[in-house]
Amino acid sequence: MSTVGVLRAEVASRLNSRPAAFVIDLSDVDFFASTGISLLMETGQRTGRDGITFAVVVTRRHVLRSLEVTGTDNVLPLFGTLTKALATLSLHRPSAAVTPPAGEPVA
C-alpha cells in the first residue's frame, strides 16, 4: 500500500504554514520507490523557492541506496540521524517535521 499521496498532502499542509525549516524523517520506511524520490525532489524545490531550510533523515541502507543510485543524495541535504538534522536546523527558526507511518511503503 502506497502512502506517498498521504505524505504529499501532509507535506503540502505543513509547508503552507511557512516554517523556517522542514524535515522529512525516513527512518522507519521499509519500502522506498521512485514516487518517494519524486516527492523529496518536489519538496526540495519548493523549500528552496520559498526560503525554507530542508533536511531528509535517512537511516536505512536500502533508502540511502535508492537515493545514491539516482544521484538524489548529491542534491538533497541528507542526515544519518534526526538529532543531526535538528541540530543543523536549530540554527534557523522553528521547524516542521513529517514522518511517514512506520512500516508503510513510500511508493
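The values are calculated or read from the model by the stated rules, or taken from the named source; none is laboratory data. Every value quoted in this text rests on a predicted model; they were computed, and no experiment measured them. Cβ placement follows ideal geometry from the backbone for every residue including glycine, while neighbour counts extend to all protein chains displayed.
Would you pick out the residues in region 32-52 that are hydrophobic (A, V, I, L, M, F, W, C) and either assigned to a helix (DSSP H, G or I) or at pLDDT 95 or above (or both)?
Hits for region 32-52 are I37, L39, L40, M41.
Quick one: which residue in A97, A55, A87 is outside any helix (DSSP H, G or I) and either surrounded by fewer than 13 Cβ atoms within 10 Å (Cβ to Cβ) or at pLDDT 95 or above (or both)?
From the options A97, A55, A87, the qualifying one is A55.
Which residues, taken from region 45-94, are hydroxyl-bearing (S, T, Y) and farther than 12 Å from A21 by Cβ?
Of everything in region 45-94, those that are hydroxyl-bearing (S, T, Y) and farther than 12 Å from A21 by Cβ turn out to be T59, S66, T70, T72, T81, T83.
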